[in-house]
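What follows is a short report on a single structure.
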Amino acid sequence: MSDLIRQTAAELAAKIAAREVSSVEVTQAHLDRITAVDPAVHAFLHVDAEGALAAARKVDEDIAQGHVASPLAGVPLALKDVLTTQDMPTTCGSKMLEGWVPPYDATVTRRLREAGVIILGKTNMDEFAMGSSTENSAYGPTRNPWDLDRIPGGSGGGSSAALAAFEAPLAIGTDTGGSIRQPGAVTGTVGVKPTYGGVSRYGLVAFSSSLDQAGPCARTVLDAALLHEVIAGHDPLDSTSIDQPVPAVVAAARAGAAGDLSGVKVGVVREFRGEGYQPGVVAAFDTAVDQLRKLGAEVVEVSCPSFTLALPAYYLIAPSECSSNLARFDAMRYGLRVGEGDAALSAEQVMSLTREAGFGPEVKRRVILGTYALSAGYYDAYYGSAQKVRTLISRDFAAAYEQVDVLVAPTTPTTAFPIGERVGDPMQMYLADLCTIPSNLAGNAAMSVPCGLSEEDGLPVGFQIMAPALADDRMYRVAAAYEVARDAAAGGALIHRVPELEASAR
Amino acid sequence: MPSISRDEVAHLARLARLAVTEDELDLFAGQLDVILQSVARVGEVASQDVPPTSHAVPLTNVFREDVVRPGLTQQQALSGAPAAEDGRFRVPRILGEEQ
């Protein structure tokens with residue numbers, strides 16, 4: 001395995017900027033890795049080798065002339081296939097958008113290009129980001145590099161698997177109910193959901209607009225912070241974008257790495273343990289909490305009683321918004337059309353046949369569920385109550401942050417489950433998001449950082465840190481301090497314990 | 001006692017413009033029933049006097065100067081169209097035989 005693919009984004013960027021190695025060499029090393037292992041992992045739906053190498057050549061030329069576009073210039077990245085790209089298809093993991101090349105770049109895409117980040121390709125995902133395992137992709141599942149028979153999380157399983165398989169040092173995910181953090185947890189990688197409104201949603205194909213948030217994925221906390229600062233910031237093209245300075249997350253990650261958390265108050269969420277939580281997950285979590293204490297943090301238990309209603313509220317709010325958002329897939333202006341040329345079919349019939357053929361089962365379930373929850377007669381009992389729960393969850397967070405600086409909990413109740421285990425039981429699948437959903441409903445920042453391997457199965461466990469809205473820097477500080485202590489205790493970075501993947505013959 | 005019937009699911013699918021199959025109706029009716037029974041717990045707060053939250057951040061209208069900005073060209077706008085004709089989207093008939 002090439003040494004280049006094992007390095008962090010920060011290391012690669014420094015070497016590229018110092019012209020010790022070229023961006024073309026780094027990009028080619030990752031493209032070679034993708035060729036070797038992606039037939040087994042299936043993290044990517046599309047790889048743009050030519051485009052990536054052209055962008056890398058441009059970065060190398062700019063650096064030769066003394067211009068370094070950003071602290072990540074020349075570093076390759078895997079982009080979730082839910083963000084639009086003018087030069088690559090954007091399918092959202094759906095047959096509905098097979099082969100669709102959008103006429104515009106998402107703001108996240110544009111910022112990456114302007115920062116000189118090299119986009120290798122587009123990563124696999126649950127269809128329209130609905131799922132927790134990437135098994136809902138119309139293009140087949142992605143496999144977890146820790147165990148190829150297990151799921152890499154979802155919906156951003158392509159992005160998390162690409163990181164764990166060393167196919168890219170950076171990736172972009174989107175998190176509506178945990179789709180960045182839960183894949184991060186089950187692949188031993190770092191996943192960050194910034195404060196809602198922190199990263200522009202322009203060009204992010206909408207699933208549940210009041211919850212969707214794009215964010216950085218990486219193998220280290222500092223790399224995630226560097227990427228966070230590249231993609232975040234106010235965007236006039238998104239009316240929900242926050243017009244305030246981006247929290248200083250890179251400075252916070254560097255400060256945290258010094259390993260001192262004295263003066264930091266950490267709250268352990270009481271409601272997120274007990275029945276349904278894998279013992280090895282709880283043990284790894286408790287060990288991480290002890291580690292925070294040793295770093296000087298004051299740890300207390302905090303109760304957030306409404307968090308137990310977060311999952312039911314989410315599975316009403318998100319389907320309701322999705323039933324409305326996905327109405328745009330009407331077979332008229334772009335995407336799939338079934339029945340073209342059959343003069344007997346009306347536009348409405350073509351629409352219904354197209355949506356039947358273009359959407360997979362989970363999308364249909366959620367569209368039907370959302371249509372139901374928004375129906376007259378059920379609205380108050382379901383959607384109306386879910387919105388009240390949302391208020392109560394925000395109040396629980398507000399009360400907690402009067403006592404503590406950050407809240408912590410396991411990211412997800414179990415380690416990666418076997419492919420196929422939960423596909424027939426949607427409610428079981430939904431439980432993977434149990435601990436991540438509150439931060440989506442309240443809109444605050446949250447991230448998952450790896451906290452060792454579960455003793456039962458040797459699979460990665462995720463440690464979730466939640467910070468108040470616009471205080472993203474706080475969680476980076478805690479995560480960076482923990483990461484240093486974790487690696488010191490284990491004698492090396494956790495991610496390097498991922499099994500060596502066999503390169504498949506072409 | 002199921003909270004949603006097969007007929008209701010068929011009706012909702014029609015409203016949502018999904019030409020679902022008979023097999024899907026059987027599958028979805030059972031699954032949606034399980035999901036609805038699980039999420040019905042939100043009803044615990046129905047009687048509480050709590051304001052609803054529709055969005056994580058307060059939404060306000062965002063204005064900009066009324067000046068012309070570049071947009072998509074006609075070619076770009078039509079680039080993903082299933083069918084186009086004379087620079088426009090070509091769509092199936094929108095009226096039924098009797099209309």
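The values are calculated or read from the model by the stated rules, or taken from the named source; none is laboratory data. Predicted model, so just to flag it, every value in this text is computed and none were measured. So basically every Cβ, Gly included, is an ideal-geometry build from the backbone, and we count neighbours across all protein chains shown.
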Go through the stretch A:176-226 and report how many residues are under 30 Å from A:L453 (Cα atoms) and of a type in the set (G, A, S).
12
Go through A:A416, A:A485 for me and flag whichever is at pLDDT 95 or above and not in a loop (DSSP other than H, G, I, E, B).
A:A485
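This table checks each residue for (1) within 20 Å of A:V406 (Cα to Cα); (2) of a type outside the set (A, V, I, L, M).
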site: A:Y430; (1), (2): no, yes
site: A:L441; (1), (2): yes, no
site: A:G452; (1), (2): no, yes
site: A:D473; (1), (2): yes, yes
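Return the only residue of A:M125, A:M130 being closer than 23 Å to A:L369 by Cβ, buried (at least 24 other Cβ atoms within 10 Å of the Cβ) and more than 14 Å from chain B (Cβ to nearest Cβ).
On the way: A:M130 fails: more than 14 Å from chain B (Cβ to nearest Cβ).
Unique residue meeting the criteria: A:M125.
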Collect the residues in the stretch A:486-499 that are surrounded by 17 or more Cβ atoms within 10 Å (Cβ to Cβ) and more than 15 Å from A:P145 (Cβ to Cβ), keeping them in residue-number order.
A:R486
The stretch A:323-371: number of residues that are within 17 Å of A:G99 (Cα to Cα), more than 8 Å from chain B (Cβ to nearest Cβ) and of a type in the set (S, T, Y):
1
Of A:T308, A:T287, the only residue that is touching a residue at least 24 places away in the same chain (Cβ under 8 Å), of a type outside the set (A, V, I, L, M, F, W, C) and touching a Gly at 6+ places or on another chain (Cβ under 7 Å) is A:T287
Have a look at A:T85, A:T109 and point out the one that is crowded, with 24+ Cβ neighbours inside 10 Å and touching a helix residue (DSSP H, G or I) at 6+ places or on another chain (Cβ under 6 Å).
A:T85
What's the total number of residues in the stretch A:339-372 that are surrounded by 23 or more Cβ atoms within 10 Å (Cβ to Cβ) and modelled with pLDDT under 95?
0
For the stretch A:425-440, check the following and say yes or no: at least one residue is more than 24 Å from A:R390 (Cβ to Cβ) and either under 20 Å from the mean Cα position of the chain (by Cα) or crowded, with 20+ Cβ neighbours inside 10 Å (or both).
no
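Yes or no: A:A206 among the hydrophobic types (A, V, I, L, M, F, W, C), at pLDDT 95 or above, over 13 Å from the mean Cα position of the chain (by Cα) and buried (at least 24 other Cβ atoms within 10 Å of the Cβ)? Outline the logic, then answer.
On the way: among the hydrophobic types (A, V, I, L, M, F, W, C): yes; at pLDDT 95 or above: yes; over 13 Å from the mean Cα position of the chain (by Cα): yes; buried (at least 24 other Cβ atoms within 10 Å of the Cβ): no.
It is false that A:A206 is among the hydrophobic types (A, V, I, L, M, F, W, C), at pLDDT 95 or above, over 13 Å from the mean Cα position of the chain (by Cα) and buried (at least 24 other Cβ atoms within 10 Å of the Cβ).
Among the residues of the stretch A:461-482, is any assigned to a helix (DSSP H, G or I), without any contact (Cβ under 8 Å) to a residue 24 or more places away in the chain and out of contact with any His (no Cβ under 6 Å at 6 or more places or on another chain)?
From the stretch A:461-482, those assigned to a helix (DSSP H, G or I) are A:472-482; that's our starting set.
Those still in the list that are without any contact (Cβ under 8 Å) to a residue 24 or more places away in the chain too: none.
No, that holds for no residue.
What's the total number of residues in the stretch A:375-413 that are more than 8 Å from chain B (Cβ to nearest Cβ), more than 20 Å from A:G184 (Cβ to Cβ) and either in contact with a Lys or Arg (Cβ under 9 Å, 6 or more places away or on another chain) or at pLDDT below 95 (or both)? Before you say what the answer is, go through the steps one by one.
Of the residues in the stretch A:375-413, the ones more than 8 Å from chain B (Cβ to nearest Cβ) are A:376-379, A:383, A:393, A:395-413.
Cutting the leftovers down to more than 20 Å from A:G184 (Cβ to Cβ) gives us A:376-379, A:383, A:393, A:395-405.
Checking which are either in contact with a Lys or Arg (Cβ under 9 Å, 6 or more places away or on another chain) or at pLDDT below 95 (or both) leaves us with A:376-379, A:383, A:403-405.
Final tally of qualifying residues: 8.
Criterion first (basic (K, R) and not in a loop (DSSP other than H, G, I, E, B)) does A:R273 satisfy it? It would help to see each step written out before you state the result.
Numbers: basic (K, R): yes; not in a loop (DSSP other than H, G, I, E, B): no.
No: the conditions fail for A:R273.
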In the stretch A:360-409, how many are part of a loop (DSSP other than H, G, I, E, B) and touching a strand residue (DSSP E or B) at 6+ places or on another chain (Cβ under 9 Å)?
2
